[in-house]
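Reading through the structure tokens given below for one structure.
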Amino acid sequence: MPANTHLVERLTTTCFFACTYFLLYMVQIKIMASFEFLPMASILFLPAGVKFLAMLVGRGAGVAGIIIGVGLVNQSTVETQNFAHMHAYALLVWILLPYVLLSAYLNKRGHGHNLNGLTTFDVVMLVIMVSFVSSIGAQLYWNGWNPAEFPLLRAIWGMFIGDISGIFLMLGIVIVARRLFFYAIRNNKA
């Protein structure tokens, strides 16, 4: 029976992150288009926060959810230049490489699958590392396919800033929601 529970947890995690990524990507392109700094680089990219949380909390199931979410975006958009039209190489440098580095960092710091000892320093380092690797990989990939109308470093920097701001916003939302949840539970027990 525990194997079935584990499978249900993984499937739930995968579905949660796939749906969340898809919904926030749609919000990004439909409502927050004015945050575009450059093509493929938004100053506030909310899906980056979901991607980071999927890697940190959901681990493999979360990463699978993001890949499925990208597929959902691909099916519902007709834009020619967005992350939804990625090839296997793009997925490799955009999510799998940052995930491998995140996992290696957590193992090196002795966290493994347990995030209890995670410090603010660890979170900031992970955010910077994931954003930097993801930005460089994605921009090099897209600039390899299409000559850029703007400098490569500017594109990397813009995407890096957008990813970091999206990640910190999502982390803030999670922290506030968690505190409100535990506050409500504590008040119901009283």
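The values are calculated or read from the model by the stated rules, or taken from the named source; none is laboratory data. As the structure is a computational prediction, the values presented were derived from the model and not from experiment. Reconstructed Cβ throughout: ideal geometry from the backbone, glycine too, with neighbour counts over all protein chains shown.
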**Prompt:** Is segment 152-163 home to any residue that is at pLDDT below 90, over 22 Å from residue 61 (Cα atoms) and not in a helix (DSSP H, G or I)?
**Reply:** no
**Item:** Restricting segment 17-67 to residues that are under 29 Å from residue 150 (Cα atoms) and of a type in the set (Gly, Ala, Ser), the residue that is surrounded by the most Cβ atoms within 10 Å (Cβ to Cβ)
**Value:** 48
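I'd like to know if segment 110-117 contains one or more residues that are farther than 20 Å from residue 158 by Cβ, modelled with pLDDT of 90 or more and surrounded by 15 or more Cβ atoms within 10 Å (Cβ to Cβ).
Here is the first cut: in segment 110-117, the residues farther than 20 Å from residue 158 by Cβ are 110-117.
Narrowing the set further to residues that are modelled with pLDDT of 90 or more leaves none.
Scanning segment 110-117, I find no residue that is farther than 20 Å from residue 158 by Cβ, modelled with pLDDT of 90 or more and surrounded by 15 or more Cβ atoms within 10 Å (Cβ to Cβ), so the answer is no.
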**Request:** Any chance you could count how many residues in segment 28-69 are within 16 Å of residue 9 (Cα to Cα) and more than 12 Å from the chain's Cα centre (by Cα)?
**Result:** 2
**Prompt:** Out of segment 90-136, which residues are hydrophobic (A, V, I, L, M, F, W, C), farther than 16 Å from residue 164 by Cβ and outside any loop (DSSP other than H, G, I, E, B)?
**Reply:** 90, 91, 92, 93, 95, 96, 97, 100, 104, 106
**Complete:** Exception for residue 92 within (1) modelled with pLDDT of 90 or more; (2) surrounded by fewer than 18 Cβ atoms within 10 Å (Cβ to Cβ) falls at (1)
**Asked** Does residue 22 qualify as being in a helix (DSSP H, G or I), out of contact with any Phe, Trp or Tyr (no Cβ under 7 Å at 6 or more places or on another chain), touching a residue at least 40 places away in the same chain (Cβ under 8 Å) and within 20 Å of residue 113 (Cβ to Cβ)?
**Response** no
**Asked** Has segment 174-188 got any residue that is at pLDDT 85 or above, closer than 18 Å to residue 57 by Cα and surrounded by 11 or more Cβ atoms within 10 Å (Cβ to Cβ)?
**Response** yes
**Message:** Among the residues in segment 162-175, are any over 16 Å from residue 45 (Cα atoms), of a type in the set (Gly, Ala, Ser) and out of contact with any strand residue (DSSP E or B) (no Cβ under 9 Å at 6 or more places or on another chain)?
**Reply:** no
